[in-house]
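Structure, as structure tokens:
A short reminder: the numbers here are calculations on the coordinates, not readings from a lab. Being a predicted model, the structure only gives us computed values, none of them experimental. Cβ placement follows ideal geometry from the backbone for every residue including glycine, while neighbour counts extend to all protein chains displayed.
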């Protein structure tokens, strides 16, 4: 699978601390731009970070409410602007996403790109204020929505179990913090405190901007330069770094248990990727994850789920920035230990080189297809290049497919051999008075 993708990259600096990456391509009928403010993920600021783009999206000084913003966007053939909140390793990334139709497909269109950038920049830099502070009604309304989202996480038991594992496993690390923060911190936010936080971020954070579309980079640069001219120069800002912990905190496997009114148990296992994170081999990490549990041809899917029927589902996911892998599974309460042993046994099989040619080839094909799928979507392109900015070891997404093609079984085994099991989280059901687990639904 060769690297034949019709896009080119142009990087520039708008002002110190504000960088632009233009991904030029004529393959799509729309374009997009993201403005990303990067800061350290901390317990004290996570909820304020998550709340801020929601509040900003409610109104600017010229377009003071959502109705006027919607009307302005409708006049631009349905431009869309949405808040962004992302967590990349221990970097908190917030901002605005804007997509718009490509002018090649709009008869007699005039400067849709410039106008879309102008409105997005205005929402970010010239918010609607009341007595020099962010509108209290907007703050309280969006704060309520944020708290609802934080509390609603428990309704998705699979995601909840992953969040709880990370919270316990990384209790002394920023990675254990949710990208939305927590209810207590969210409740404490006021319009005055959020306004102060807004100025702190705008004045002192690295800002990374990405454009995907057919416009010339010079045109995009000029439009952003004009729209963001009120941004202050920042002296020596840098992209925050993720603290990679190579080995488990404890010499013994840490176990965390919780009981809720559920009918299906959740077994979630956390691993540290070990010394390979000193110089991460990203293609081998991606291929290992697909082979172990990240695809339908993986060892966890075919053995733990299909062959042995120990889990309703079993899959692995990898945060390559932090060097942590999570195995997520749904199991019968009585099968916790058996399933855990088999999950770890399948990892040992990879470490011992028990990898068939079919498994290796299927996993490689899965990773290559995933990369191609990302390169075939505007959002996927932006995400790939955004990941490169955050990564400890830079790489070219266009060459990533070729790099994966070159990965050998030996490199996958080397990645697997460094992995160590850190923690296990068990979500069980509630017991009734007779000691039996309730079969709740």
If you wrap the chain's Cα atoms in a convex hull and average its projection over all directions, what's the area in nm²? 23.1
Over what distance in Å are the Cα centres of the stretch 177-238 and the stretch 376-411 separated? 25
Degrees between helix 136-152 axis and first principal axis of the chain (Cα, 0 to 90, nearest 10): 20
Against the longest principal axis of the chain, how steep is helix 217-227, in degrees 0 to 90 to the nearest 10, with axes from Cα atoms? 70
For the stretch 251-299 and the stretch 6-48, what is the separation of their Cα centres, given in Å? 30
Difference of contour (0.36 nm per residue) and Cα-Cα distance, residue 417 to residue 348: 24.0 nm
Debye sum, Cα scatterers, the stretch 217-351, no solvent: what log₁₀ I/I(0) at q = 0.15, 0.20, 0.21 1/Å? -0.79, -1.21, -1.30
Extension gain, residue 200 back to residue 80 (0.36 nm per residue minus Cα-Cα distance, nm): 40.5 nm
Net length gained if the chain between residue 29 and residue 44 were fully extended (0.36 nm per residue, minus Cα distance): 1.3 nm
Starting from the 7 Å offset along Cα-to-Cβ, what nm value, one decimal, do you get for the label separation of residue 309 and residue 126? 6.6
Compute the whole-percent fraction of alpha carbon pairs in the stretch 254-428 spaced more than 20 Å apart. 53
Under 13 Å from a point 7 Å along the Cα-to-Cβ line of residue 192: which residues of the stretch 125-158 have their amide N that close? 132-134
So what's the angle, to the nearest 10 degrees on a 0 to 90 scale, between helix 112-125 and the longest Cα principal axis of the chain? 80
Burial ranking of peptide ranges 204-212, 130-138, 150-158, 276-284 (average Cβ count within 10 Å, highest at the top): 204-212, 276-284, 130-138, 150-158
Quick calc: nm separation of the 7 Å Cα→Cβ label points for residue 431 and residue 369 -> 4.5
The stretch 8-227: radius of gyration over Cα atoms, expressed as a fraction of 2.2 N^0.38 Å: 1.07
Kirkwood hydrodynamic radius, computed over distinct alpha-carbon pairs, for the stretch 81-160: how many Å, to one decimal? 16.0
Centroid-to-centroid separation of the stretch 120-137 and the stretch 56-108 [C-alpha atoms, Å]: 15
Using only Cα atoms, figure out Rg for the stretch 274-327 and give it as a multiple of 2.2 N^0.38 Å. 1.22
What FRET efficiency comes out for residue 255 versus residue 156 if R0 is 22 angstrom and r is the Cβ-Cβ distance? Round to the nearest 0.05. 0.45
